[in-house]
Structure formats: C-alpha cells, structure tokens
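Engineer: Got a structure for you, questions after.
The numbers here are math on the coordinates, done by the rules we state, and not lab data. Just so it is clear, the structure is predicted and the values come from calculations on it, not from any experiment. Neighbour counts run over all protein chains shown; Cβ positions are idealised from the backbone, glycine included.
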Amino acid sequence: MPLWKRILIEKRALVAPLVLAVVANLVAYGLWVYPLGVKSAGAAERAAAAARSLQAAERELASARELVAGKSRAEQELSTFFDKVLPPDLRSARNLTYATLPALARKSNVRLMDRRFEEGKPEKNTRLGVLNVHTSWEGDYESFRRFIYALESASPFVIIDDVALTQSDPTKSLLMLKMELSTYFRLTTSAN
C-alpha cells in the first residue's frame, strides 16, 4: 500500500476536515471572493472614468466662463468703438477727414492736390455708414512713407483702401500718390 493511502486511512479524522475546509475555501473563493474582486476592479475603473469625466467637465466649465468673459469684453470694446471712436454722423466724418488729412500731409512734407468725398450707400439693417475719400498727393517717396505711417497711427478712424504711386515727370523727384480712403460713421435710426 502506498504511503499516501496509508496516511489518509490512518489520519482520516484529521484529513477529512482539512479536505472539506479546502473545498469550502475553493467554493467560497469561486462564489464570493472572485466576483467581489471583479466588482471592485470595475468600481475602481468606473471611479477613474468618473474622475476623468469630472476633469473634462471642469475644463469645459472654465472654457465656457472664459467665453462669457471674452464675449462681454468684446461687447464692451465694440460699444466703446461705436461711442468713442466712430464719428456720430456723416458731417462729423467729413470734418474729421477734411481737417486731419492736410494737417498730417503738412507735417510729412506732402502736398494735397485733389480730394473728393463720396457717401457709400448703406446696406439694409446696418448701423454704419461709409464715407469714401478719393485723394491725390504730391511729394517724394520718404515723405509719402511718413505720411502713410502718420495716417495709420493717427486717432481718427480712417482706412486706406487703395494706394497708387506714379511718377508724372521722370526728370523730377516728385511722385504722385492716389489714395482711396474710407471712414465709417454711425447712422441715425431714421436712416435705416
């Protein structure tokens, strides 16, 4: 008889409860411990996913708050632009360019040759009108550079739409500059 059979037979009272305990542990592990471990691991994954979702939601909230703040800041700047930068009407826009352009030209050693004003047709449902100014100037190249820089840096809101530089007489250093300018002004409510 082999040794292990003899031990089982002689120590049956001790071995039987040990075998039963091992089987009971295996059953308990299979029925309770393993499923709880899987469930616990799933809960940890769900918790990690929830934490990631929370972080994403916090980022979206911060982005939304920045958007609201940016929108209110843009509305405030637009209101300032309309109220303080743009001329209130066509007459003010014409006066603004009528006085400013020759003064800047004199400082830059440029001579005004011709100037024409033309009111653009306002689009439907707009709050802005446009005044186009067609000008001709005479001077040298460096003076024109200084003049254009001064015009772009000046406080009146004037846009340079087009520039054409020509030399009328090749024997002279004087050049002709044609500039198309525009400025915008607020329309009154009756103009709409």
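Engineer: Using a Förster distance of 41 angstrom, determine the FRET efficiency expected from the C-beta separation of ASP140 and LYS71, and round it to 0.05.
Structural biologist: 0.30
Engineer: Using a cut-off of 10 Å between beta-carbons, work out the net charge of the residues near GLY129 (Lys and Arg +1, Asp and Glu -1, GLY129 not included).
Structural biologist: Every neighbour counted, the sum reads 0.
Engineer: So what are the ³J(HN,Hα) numbers for the stretch 167-179, from phi and the Karplus equation (6.51, -1.76, 1.60; θ = phi - 60°), rounded to whole Hz, Gly and Pro as x?
Structural biologist: 10, 6, 10, x, 7, 9, 8, 6, 10, 10, 10, 9, 10
Engineer: I need the phi-derived Karplus couplings for the stretch 123-133: 6.51 cos²θ - 1.76 cosθ + 1.60, θ = phi - 60°, integer Hz, Gly and Pro marked x.
Structural biologist: 6, 5, 6, 10, 9, 10, x, 10, 10, 9, 10
Engineer: Out of every Cα pair in the stretch 90-191, what percent are spaced more than 17 Å from each other?
Structural biologist: Percentage above 17 Å: 52.
Engineer: Counting pairs of alpha carbon atoms under 8 Å apart in space and at least six apart in sequence, what relative contact order in percent does the stretch 112-182 give?
Structural biologist: Taking the mean separation of contacting Cα pairs over the length of the stretch 112-182, I get 34 percent.
Engineer: Could you pull out the trypsin sites (Lys or Arg not before Pro) across the stretch 10-95 that fall in loop regions by DSSP (anything but H, G, I, E, B) with no more than 16 other Cβ atoms inside 10 Å?
Structural biologist: Listed in order of number, the matching sites are LYS11.
Engineer: Given the Cα-Cα distance of LYS39 and LEU128 and 0.36 nm per residue of separation, how much length would full extension add, in nm?
Structural biologist: Value of the extension gain: 25.4 nm.
Engineer: Just THR171, THR80, THR126 to compare: in a GNM of the chain, with alpha carbon springs under 10 Å, which one fluctuates most?
Structural biologist: Its mean-square fluctuation being the largest, the pick is THR171.
Engineer: Mind listing the phi-derived Karplus ³J(HN,Hα) values for the stretch 17-34, rounded to whole Hz, using 6.51, -1.76 and 1.60 with θ = phi - 60°, and x for any glycine or proline?
Structural biologist: x, 5, 5, 4, 5, 5, 5, 5, 5, 4, 5, 4, 4, x, 8, 10, 5, 4
Engineer: Here is a follow-up. Please identify, among ASN132, ASN25, ASN109, the residue showing maximal mean-square fluctuation in a Gaussian network model of the chain using a 10 angstrom Cα cutoff.
Structural biologist: Checking each option, the largest mean-square fluctuation is seen for ASN25.
Engineer: Determine, for the chain, the count of lysine pairs separated by eight or more sequence positions (or lying on different chains) whose alpha-carbon distance falls under 26 Å.
Structural biologist: Taking the chain as the scope, the lysine pair count is 8.
Engineer: With runs of 4+ DSSP H residues as the only contributors, calculate the mean residue ellipticity of the chain at 222 nm using -39,500 (n - 2.57) per run, divided by the residue total and rounded to the nearest 500.
Structural biologist: Value at 222 nm, helices only, nearest 500: -18500 deg cm²/dmol.
Engineer: Assign one of three labels to the stretch 1-146, namely rounded, prolate or oblate, based on the Cα gyration tensor with a ≥ b ≥ c the square roots of its eigenvalues; rounded applies when a/c is under 1.5, prolate when it is not and a/b is larger than b/c, and oblate otherwise.
Structural biologist: Prolate, because a/c is 1.5 or more and a/b exceeds b/c.
Engineer: Now for a different question. Which far-off residues, 5 or more places away or on another chain, put their amide H under 5 Å from the one on VAL110, with H placed in the peptide plane?
Structural biologist: Excluding prolines and chain starts, which carry no amide H, there are no hits.
Engineer: Same structure again: What is the Å³ per residue value for the convex hull set by the Cα atoms of the stretch 1-85?
Structural biologist: So the per-residue Cα hull volume is 97 Å³.
Engineer: Let me ask something else about it. Between TYR98 and ASP161, how many nm apart are label points set 7 Å from Cα along the C-beta direction?
Structural biologist: Between TYR98 and ASP161, the label points sit 2.0 nm apart.
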